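Q: Handing you a structure now.
The values are calculated or read from the model by the stated rules, or taken from the named source; none is laboratory data. From a predicted model like this one, the values you see are computed outputs, not experimental measurements. Here the Cβ positions follow ideal geometry from the backbone for every residue, glycine too, while neighbour counts run over all protein chains shown.
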Amino acid sequence: MKLPDAPIIVDDALIVQVNRVVRGTANYFATTFSHNRSLFRRLDRWIRMRLRCMKFNRKWTSDNRRLRLKTFLRMGLLSLGDFLSSTCVDQKL
């Protein structure tokens, strides 16, 4: 019988690694002429869901209430939607 894996600690090092991937993806795909806002929103939700799954070692919808968006923002997690809106603002100037 295999013992369940220990939950992964969602700490600063993990957030830095995820931010590196998010920043690279956003710099590649978030151009001034892109229309990826809904796709970026879905990817942001998926990333947060995966981090919750890694922390609690399961996928339950009630975990969304235990680890909310503002907690991830306080940890410093970047959002793809922020990159898209910043490139659109730069284009309007």
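Q: Between a first residue in the stretch 21-39 that is of a type outside the set (Gly, Ala, Ser) and a second residue that is modelled with pLDDT of 85 or more and part of a loop (DSSP other than H, G, I, E, B), which pairs have beta carbons less than 7 Å apart while being 6 or more apart in sequence or on different chains?
A: That search, which allows pairs on different chains as well, returns Val22/Leu78; Arg23/Leu78.
Q: Now for a different question. Pick from the stretch 49-59 the residues that are in a helix (DSSP H, G or I) and in contact with a helix residue (DSSP H, G or I) (Cβ under 6 Å, 6 or more places away or on another chain): which of them is surrounded by the fewest Cβ atoms within 10 Å (Cβ to Cβ)?
A: Phe56
Q: State which residue is surrounded by the most Cβ atoms within 10 Å (Cβ to Cβ) when the search covers only the stretch 20-40 and only residues that are out of contact with any Ser or Thr (no Cβ under 9 Å at 6 or more places or on another chain) and of a type in the set (Lys, Arg).
A: Only one residue fits best here, namely Arg23.
Per-residue answers, yes or no, for (1) loosely packed, with under 13 Cβ neighbours inside 10 Å; (2) in contact with a Leu (Cβ under 8 Å, 6 or more places away or on another chain); (3) part of a helix (DSSP H, G or I); (4) at pLDDT below 80:
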site	(1), (2), (3), (4)
Lys2	yes, no, no, yes
Ile8	no, yes, no, yes
Ile15	no, yes, yes, no
Thr61	yes, no, no, yes
Asn64	no, no, yes, yes
Lys70	yes, no, yes, no
Arg74	yes, no, yes, no
